[in-house]
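Undergrad: Shown below is the structure under consideration.
The values are calculated or read from the model by the stated rules, or taken from the named source; none is laboratory data. None of these values were measured; they are calculated from a predicted model. Here Cβ is always computed from backbone atoms with ideal geometry, including for glycine, and neighbour counts include all displayed protein chains. Keep in mind that these areas ignore ligands, DNA and RNA; they rest on the heavy atoms of the full protein, side chains included. Shrake-Rupley method; radii C 1.70, N 1.55, O 1.52, S 1.80 Å.
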Amino acid sequence: MEHLPPPRCRIVGVLDDGAASLAPPALQALAEADLVIGARRTLALLEARISPEAERRELAGLAAVVEQIREAQARGQRCVLLATGDPLCHGIAGYLAMKLCLDAIEVLPNVSTIQLACARVGLVWQDLKIVSIHSKDAGEWLVGADPSHGLYALAQALRRHERLALLTSPANSPDRVARLLLAEGLGEDFQLAVAERLLLPDEKIHSGLSAAQAAGMTFAEPNVMLLWRHQARPRPVSFGLPDAAYEQRQPDKGLITKQEVRAVSLARLQLRADSIVWDIGAGSGSVGIEAARLCPEGHVWAIEKNEADVAIAGRNRASFGVANHTLVHGKAPEQLDGWADPDAVFIGGSGGELAELIALCLHRLRSGGWLVMNFVTLENLATATATLKALNGEVEEAPGRPKLPSSPSGGRTPSGGLGGLISWDVLQLQAARSKPILHMNRMAAENPVWIVCAQKAQVGA
């Protein structure tokens, strides 16, 4: 006897006007269902359209829903799950498709609340970047926050897109987003609209708001927020910026990795779009800031021990508009335990603990990652090369040979010891720049810099 497949669970998108938003196939699915699962409010909205014999269950968590659907299908019951708007747009349908397989579900989508909000405002939406902050209370945005902050993805998206639609929550509300814009210096770049309580009798649309206006307002729930630029998005140079583009310590200019050295060092870091980068001894912040711009999907953690330089680096970060850059005042390695394991590490200054710092960085460095160091003194060059030889087993004994630190309590799981041998090399770079002399030009030499690079072996390579 041929076994029939279990009936598909129909995932029905519902809006706040209840049955009025549903097409005939969705209404028929509701009327024929043996089990209907949904939020209490959604079940109440559609009570008259559900068969009196059907079982009703309140939505009680994603894992529980999966089991309820499996049990219903095993019994041959027709199951309907009530979702919001388009269940495949930041909705439950994607999760269920992954857990139950596509053949086990059928999606009956509705118009999304984002489409409705755009229709109310008259905003073309096919190129919108959709960001969901419909989650737990993320707290107010702090400049330099790391990826653990609930608004981090939004802060990055604001730098990279012309138009955005936000699925908000009671805590992560439009006024909080407006304050993020102001904190990041984007308050003049965007116009805002908030669509409150769409399709309900007290629906209200606030359009053409500035960030300064929205920051002090209270908005009714539920709501959708739209943002669009009225000033063109900057498209700055990402790599090889001139030294004069950065603020530097006065009157003794020079606490900056010079343009030519910076370009080579960044190239040797082998950065990807999502790289996690450490910038140790940040100085004016030039290397870390350019790394942040080269890694728009990654993050840079930077540390500097000099308080005046921290202030300068902070102003440089603000002027270049990077939100994926965390700058702390401190002396490495005291702050590094809480940082995510890096794909690349740049050391521009070590604070006198170079050997220990190299050992720590190589220990925490992810498989295949790069450590790049700049030195201007023979003593630091000698310490670095001796340390690399000792850690790589190239010498049996070395005075003051560093020991690998134990695994840190924070950050991602290290790749285990040094993950095998490291490869390393030294490059001496000396540039000369033309300078005018009378009606002619001469070449003025910059101080030589040694760039020491070490790559951690690929696991399994």
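Undergrad: How much length is gained on full extension from Ala273 to Val376, taking 0.36 nm per residue of separation minus their Cα-Cα distance?
TA: Additional length available on full extension: 34.1 nm.
Undergrad: Next question. In whole angstrom, note down how far apart the Cα centers of the stretch 301-357 and the stretch 35-84 are.
TA: When both Cα centres are located, 52 Å separates them.
Undergrad: What residues of the stretch 68-95 lie in the reach of a label at Glu32, counting those whose backbone N is under 13 Å from a point 7 Å from the Cα along Cα→Cβ?
TA: The answer is 77-80.
Undergrad: Turning to a different aspect of this structure: Looking only at the chain, where both bridge partners belong to it, what percent of the DSSP beta bridges are antiparallel (to the nearest 5)?
TA: If I count the DSSP bridges inside the chain, around 50 percent turn out antiparallel.
Undergrad: While we're on this one: Could you work out the equivalent-ellipsoid semi-axes for the stretch 177-297, taking the square root of 5 times each eigenvalue of the Cα gyration tensor, largest first, in whole Å?
TA: Working from the Cα gyration tensor, I get semi-axes of 41, 16, 12 Å.
Undergrad: Calculate log10 I(q)/I(0) of the stretch 107-258 for q = 0.10, 0.11, 0.15, 0.19 Å⁻¹, where I(q) comes from the Debye formula with a single equal point scatterer on each Cα and nothing for solvent.
TA: Debye output, listed in q order: -0.42, -0.49, -0.80, -1.16.
Undergrad: Would you please name the GluC sites (Glu not before Pro) within the stretch 269-350 that are DSSP coil residues with at most 15 other C-beta atoms within 10 Å of their C-beta?
TA: Here the GluC sites (Glu not before Pro) that fit, given the DSSP loop and packing criteria, are Glu297, Glu334.
Undergrad: Now for a different question. Hey, in the chain, which Cys have no second cysteine's beta-carbon closer than 4.7 Å?
TA: Cys89, Cys101, Cys118, Cys295, Cys361, Cys453
Undergrad: Over the Cα atoms, compute the radius of gyration (one decimal) and Dmax (the largest Cα-Cα distance, rounded to a whole number) for the chain, in Å.
TA: 28.4, 101
Undergrad: Residue separation times 0.36 nm, minus the C-alpha to C-alpha distance between Glu53 and Lys99: what's the value?
TA: Result for the pair: 13.7 nm of gain on full extension.
Undergrad: Any idea what the dipole of the stretch 58-194 comes to, in debye rounded to 20, about its Cα centre with Lys/Arg Cβ at +1 and Asp/Glu Cβ at -1?
TA: Magnitude of the dipole: close to 200 debye.
Undergrad: If only Cα atoms are counted, what is the Rg of the stretch 1-142, and what is its Dmax, in Å?
TA: Looking at the stretch 1-142, its Cα Rg and Dmax stand at 16.4, 65 Å.
Undergrad: If you take the charge dipole of the chain about its Cα centre, with +1 on Lys and Arg Cβ and -1 on Asp and Glu Cβ, which of Cys89, Ser284, Ile69 is farthest toward its positive end?
TA: The residue sitting farthest along the positive end of the dipole is Ser284.
Undergrad: Mind putting a number on the dipole of the stretch 1-130 about its Cα centre? Charges go on the C-beta only, +1 for Lys and Arg and -1 for Asp and Glu, and I need it in Debye to the nearest 20.
TA: 240 debye
Undergrad: Which value, in debye to the nearest 20, describes the size of the charge dipole of the chain about its Cα centre when Lys and Arg Cβ atoms bear +1, Asp and Glu Cβ atoms bear -1, and nothing else is charged?
TA: 780 debye
Undergrad: Pulled fully out, how much extra length does the chain show between Ala60 and His149, if you take 0.36 nm times their separation in residues and subtract their Cα-Cα distance?
TA: Fully extending the segment from Ala60 to His149 adds 29.4 nm.
Undergrad: Now for a separate question. Taking H as built 1.01 Å from N, whose amide H comes closer than 5 Å to the amide H of Ile105, not counting residues under 5 places away?
TA: Correct list: Cys9.
Undergrad: Continuing with the same structure: If DNA, RNA and ligands are ignored and the probe is 1.4 Å, what is the ranking of Ile92, Ile130 by accessible area, most exposed first? Each step should come with its number before you reach the end.
TA: Details: Ile92 25, Ile130 45 Å².
Highest to lowest solvent-accessible surface, that is Ile130, Ile92.
Undergrad: Calculated FRET efficiency, Leu438 and Arg160, Cβ-Cβ r, R0 51 Å, to nearest 0.05?
TA: Values: r = 49 Å, r/R0 = 0.95.
The calculated FRET efficiency here is 0.55.
Undergrad: Okay, moving on. May I ask you to rank Val459, Val449, Val111 by accessible area, largest first, using a 1.4 Å probe over the protein chains only?
TA: Sorted descending by solvent-accessible area, the residues read Val459, Val111, Val449.
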